[in-house]
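Written below as structure tokens is the structure these notes are about.
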Amino acid sequence: MRLVKTLPFLLSLSAALGSASAWALPTDRDQPIHIQSDDAQLDDKQGVATYKGNVIITQGSMKITGNTVTITRNATGDVDVFTAVGNLAYYEQKPAADKPIVQAYGMTIQYFAAQNRIVLIDKAKVINDGNTSEGEKIVYDTVRQVVNAGRATGSKVTTPRPRIDMVIQPKKKSDAPQKAQ
């Protein structure tokens, strides 16, 4: 594929990714997008870019890794879905300057940009401030920081996990409200 044909797609993809990152630290959307892979296939007409081979995508505090990452755009050119597949695919994001990084793992990770939602399928795990959620499927709202976990019905699962496993850390004494004396 010639660079002359793919350059407009890369530029529009970069612009779209920048506008899709409202779910991140406010400064993340102003950061450049870095994509590293062993192979890239870009289809500007279809709005699809597929990266293969130890893929690492970063923008500010956001990082997505996988063996294969596919990025699709909608009709207006905005990023619609990131799909990372790996053993394990990985996502991390710092939701706010005073919050710790949220980490997520799964055999498949789908990030739906417009909905600020991540879907983790198969060996799914979210780590947020010491709290963990594990199961076959986890849907994580990156803005509200809400986790919904359950069975991955209709999806191929390599490690069936009929029950959800969550660990919730106790609040530190300094985090608890002080009683008036």
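The values are calculated or read from the model by the stated rules, or taken from the named source; none is laboratory data. Because the structure is a prediction, the values reported are computed rather than measured. Backbone-built Cβ (ideal geometry, glycine too); neighbour counts: all protein chains shown.
Listed residues ASP141, ASP129; which is of a type outside the set (A, V, I, L, M, F, W, C), at pLDDT below 90 and more than 16 Å from the chain's Cα centre (by Cα)?
Details: ASP141 fails: more than 16 Å from the chain's Cα centre (by Cα).
ASP129 is the lone residue from the list that is of a type outside the set (A, V, I, L, M, F, W, C), at pLDDT below 90 and more than 16 Å from the chain's Cα centre (by Cα).
Suppose we keep only residues that are surrounded by fewer than 12 Cβ atoms within 10 Å (Cβ to Cβ) and not basic (Lys, Arg) within the stretch 31-52. Which one would you say is farthest from TYR91 (Cα to Cα)? Steps first, please.
We begin by selecting, within the stretch 31-52, every residue surrounded by fewer than 12 Cβ atoms within 10 Å (Cβ to Cβ); these are 32, 34, 38-39, 45-46.
Applying the additional criterion that residues be not basic (Lys, Arg) yields 32, 34, 38-39, 46.
Values: PRO32: 17, HIS34: 15, ASP38: 19, ASP39: 20, GLN46: 25 Å.
Only one residue tops the list, namely GLN46.
Here is a yes/no grid of residues against (1) in contact (Cβ under 8 Å) with a residue 12 or more places away in the chain; (2) surrounded by fewer than 17 Cβ atoms within 10 Å (Cβ to Cβ); (3) not in a strand (DSSP E or B):
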site: ASN87; (1), (2), (3): yes, yes, no
site: TYR91; (1), (2), (3): yes, no, no
site: ASP98; (1), (2), (3): no, yes, yes
site: MET107; (1), (2), (3): yes, no, no
site: TYR111; (1), (2), (3): yes, no, no
site: ALA114; (1), (2), (3): yes, yes, yes
site: ILE118; (1), (2), (3): yes, no, no
site: ALA124; (1), (2), (3): yes, no, no
| message | Please determine whether any residue of the stretch 18-41 is at pLDDT below 90, assigned to a strand (DSSP E or B) and among the basic types (Lys, Arg). | response | no
| query | If ARG73 satisfies every condition in (1) of a type in the set (D, E, K, R); (2) crowded, with 22+ Cβ neighbours inside 10 Å; (3) within 14 Å of the chain's Cα centre (by Cα) but one, which is the exception? | reply | (3)
